[in-house]
Amino acid sequence: MGASRLQLVLVILWVTAMARAAETADQHLQRGNDLANQKNWDAAITEYREVVRLRPAYTEAYYNLGNALWGKGDLEGAAREYQKAVRLNPGFVLAYNNLALVLRARGDLDGAVREFQEAVRRKPDYVEANFNLGNVLADKRQYDAAITQYREAIRLKPDSAPIHNNLALALKAKGDSSGAMTEYVEAIRLRPDYAEAHYNLGSTLVDKGDLEGSLAEYRLALLLKPDDAAAQNNLGLIFAQKGDLNRAIFEYRWAIRLQPKNAKAQHNLGRALEARGDLKAALQQYAVACQMDSNNPDYRADYSRLSVTLGR
């Protein structure tokens, strides 16, 4: 066989081998995707690792491997795979976004801001990245910057109830209760079954002294999400403010039934029992709250004060 013919044969064999490897890699990728959809993370991870062994430059495989590792709870491993994906494809904005989400989950807020900003820089109309950037800026209590980011996300997607809700949270944190109410109302208009927005609107109405309005919103929140112990506890607070101690006690006890380790509800129940004159039961509730949160000065103070009163 001549040298040129041998070279041609070798090239054909190499191309065939690469084609088979690519086909095999795609098959492993599909199997990995199917397993990931079933939340069989370990098996999916095995398939994705085989993909990148066969095709080390397969960007999607690194991204999917990162997703599977995140699903398993390995945030550090997920971050590594997303970083590989963006090194291979610097325009892969989905990978920047997920990398930032993982960094946020790990508590690296500065790193999360950096990666979200990179995703937005590369794709300014990427709604999710704009929204997520607003969320992490709010985590950092940079509310002005967060509000700006939320407004940009709303400009891109005006019908997103969660964005309106989170904008309202940032506005409320800045002291703009009226602006917050406007955004909560818009979130509810867009999604009437949005329990979180009803709850948040109820809390804002309390701040404005509208107890009846807040009662209505908390009740709607509970109608939509019956296991919301925080909303149940807040109902108790409203009834206590209205002077209806028996109803307040009922609501606190229901909140505790939903979430037995809810120290706030335990403490609030103690205060309502004390206000009703049931001092021994109140002291017992204060003790439970202190056991759950021994560092809370209000819980300790109420327990100590009532202990002295009862001569304990």
At most 14 other Cβ within 10 Å, DSSP loop - trypsin sites (Lys or Arg not before Pro), the range 180-225: Lys208
Need one number: convex hull volume per residue for the range 103-242, Cα atoms only, in Å³. 107 Å³
Stokes-Einstein D for the range 217-302 (37 °C, 0.692 mPa s, Kirkwood Rh from Cα pairs), in µm²/s, comes to 259 µm²/s
As I understand it, the value is the acute angle between the Cα axis of helix 195-207 and the longest principal axis of the Cα atoms of the chain; what does it come to in degrees, rounded to 10? 40 degrees
Are there any trypsin sites (Lys or Arg not before Pro) in the range 52-96 that are in a DSSP loop and have at most 15 other Cβ atoms within 10 Å? List them by number. none
Against the longest principal axis of the chain, how steep is helix 211-224, in degrees 0 to 90 to the nearest 10, with axes from Cα atoms? 40 degrees
Calculate the tail of P(r) for the chain: the fraction of all Cα-Cα distances greater than 26 Å, expressed in %. 64 percent
Please compute P(r) over all alpha-carbon pairs of the range 190-230, binned at 5 Å starting from zero, and give each bin as a whole-number percent. 6, 31, 32, 20, 10, 1
Can you give me the orientation-averaged projected area of the convex hull built on the Cα atoms of the range 164-205, in nm²? 2.3 nm²
What's the Cα-based Rg to Rh of the range 75-127, Rh via Kirkwood? 0.95
Do the alpha carbons of any pairs in Lys39/Lys72; Lys174/Lys208; Lys157/Lys208; Lys140/Lys174; Lys72/Lys225; Lys39/Lys261 sit beyond 19 Å of each other, and which pairs? Lys157/Lys208; Lys72/Lys225; Lys39/Lys261
I'd like the orientation of helix 177-190 relative to the chain: the angle between its Cα long axis and the longest Cα principal axis, in ° from 0 to 90, rounded to 10. 60 degrees
Average silhouette area of the range 173-269, convex hull of alpha-carbon atoms, in square nanometres: 6.0 nm²
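Quick note: the coordinates plus some simple rules give every number you see, no bench work behind them. If you're wondering where the values come from, they're calculated on a predicted model, not measured in any experiment. Please note: Cβ atoms are built from the backbone with ideal geometry, for glycine as well, and neighbour counts cover all protein chains shown.
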